[in-house]
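The values are calculated or read from the model by the stated rules, or taken from the named source; none is laboratory data. This structure is a prediction, so every number in the text was calculated from the model and none was measured. Reconstructed Cβ throughout: ideal geometry from the backbone, glycine too, with neighbour counts over all protein chains shown.
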Amino acid sequence: MNALVLGEHEFGYNDHDFEQVRSRLYRRAGISLAASKRQMVYSRLARRLRRLELPCFSSYLAYLDQHPEEWQPFINCLTTNITAFFRERHHFAHLAALASEPQRRGRPLRFWSAASSTGEEPYSMAIALHQALGDRAQGVQIIASDIDTGVLETARRGVYSLERIDQLEPELKKRYFQRGTGSNSGLARVVPELRQMVEFRRINLLDVDWRLPGGFDGIFCRNVMIYFDKTTQSQLLERMVRLLRPDGLFFAGHSESFVQASHVVKLVSRTVYRPITGVPA
């Protein structure tokens, strides 16, 4: 059966609608949705149809084409944000060691979290760097970006439920988070000195100009490449590596491999890469 218009569906939705959503998301954000994501697309975009009071997905797609301001909610609905503090913990040990290398003393340190989601990754980077550098961490710059404006707002606030930080060591929770009281009971906020280290920006990785300074000591781009096709992966990797210092590191996700890009990066540890060539700072 071609149509997905079933009794339990609130809005008209068929295979053609799904393919049109896939096509638009790929063109706008480079994300390749698998054919198995039909129901996910329906569930996530249905909230937009309700808000806009539209009867079916074909009418929503027409609305999307006529109203440029709808592109951002469209992308926000369809991006996946799975994150946690100190996810893939070995990366943060490498980050701390990198920042402590003798050749980096006396120069500004700059890092990029290229898919920062709700902020757990860049704040984990800030904690690791603060522990490694002490007072010198005040001069560290972390640029944290995402395509989803909704998660960026959460990240800027730096407020999390206590459950989100439950797995952290007690000393880290005490040192780097402020527990809420009263109406904020059950919440914790990242301390100001960490928030000051992180600058959040909206960046679509498909944009021609990211407006980034380059000269990064490290780039975290973890569990992002899996959403792009091979051609886009290679293009993005090459662009990112050009922004690294020659002695910088690129941190990938646990399910990502760049064996096809051995001319661009070399593996130095588990999912940690160094550029083959770099752009001098």
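Against the criterion of being over 22 Å from residue 221 (Cβ atoms), at pLDDT 95 or above, touching a Phe, Trp or Tyr at 6+ places or on another chain (Cβ under 9 Å) and of a type in the set (Asp, Glu), residue 193 qualifies.
Inspect all residues belonging to region 260-281 and state whether any of them is in contact (Cβ under 8 Å) with a residue 12 or more places away in the chain, in the same structural domain as residue 146 (by TED's automatic domain parsing), touching a His at 6+ places or on another chain (Cβ under 7 Å) and among the hydroxyl-bearing types (Ser, Thr, Tyr). Yes, there is a match, as at least one residue in region 260-281 is in contact (Cβ under 8 Å) with a residue 12 or more places away in the chain, in the same structural domain as residue 146 (by TED's automatic domain parsing), touching a His at 6+ places or on another chain (Cβ under 7 Å) and among the hydroxyl-bearing types (Ser, Thr, Tyr). When region 19-39 is limited to residues that are assigned to a helix (DSSP H, G or I) and loosely packed, with under 14 Cβ neighbours inside 10 Å, the one that is farthest from the chain's Cα centre (by Cα) turns out to be 19.
Against the definition (under 20 Å from the mean Cα position of the chain (by Cα) and crowded, with 17+ Cβ neighbours inside 10 Å), how does residue 12 come out, yes or no? No.
Within region 87-110, track down each residue that is out of contact with any helix residue (DSSP H, G or I) (no Cβ under 6 Å at 6 or more places or on another chain) and not in a loop (DSSP other than H, G, I, E, B). Residues satisfying the conditions are 90, 91, 93, 94, 97, 98, 102, 103, 104, 110. Return yes when residue 104 is under 21 Å from the mean Cα position of the chain (by Cα) and more than 22 Å from residue 37 (Cα to Cα) and no when it is not. Answer is no for this residue. Of the residues 57, 111, 74, the single one that is under 18 Å from residue 25 (Cα atoms), touching a Gly at 6+ places or on another chain (Cβ under 9 Å) and surrounded by 13 or more Cβ atoms within 10 Å (Cβ to Cβ) is 57.
Working carefully through the options 271, 232, find the one that is farther than 22 Å from residue 93 by Cα, among the hydroxyl-bearing types (Ser, Thr, Tyr) and buried (at least 17 other Cβ atoms within 10 Å of the Cβ). Just one listed residue meets the conditions, 232. Counting only residues that are within 14 Å of the chain's Cα centre (by Cα) and more than 19 Å from residue 96 (Cβ to Cβ), region 204-220 holds 3 of them. Filtering region 147-191 to residues that are in a strand (DSSP E or B) and in contact (Cβ under 8 Å) with a residue 60 or more places away in the chain leaves only 190. The number of residues in region 225-259 being in contact (Cβ under 8 Å) with a residue 40 or more places away in the chain and among the β-branched types (Val, Ile, Thr) comes to 1. Return yes or no: is residue 247 in a loop (DSSP other than H, G, I, E, B) and either in contact with a Cys (Cβ under 7 Å, 6 or more places away or on another chain) or surrounded by fewer than 19 Cβ atoms within 10 Å (Cβ to Cβ) (or both)? Considered against the rule, which asks whether it is in a loop (DSSP other than H, G, I, E, B) and either in contact with a Cys (Cβ under 7 Å, 6 or more places away or on another chain) or surrounded by fewer than 19 Cβ atoms within 10 Å (Cβ to Cβ) (or both), residue 247 comes out as no.
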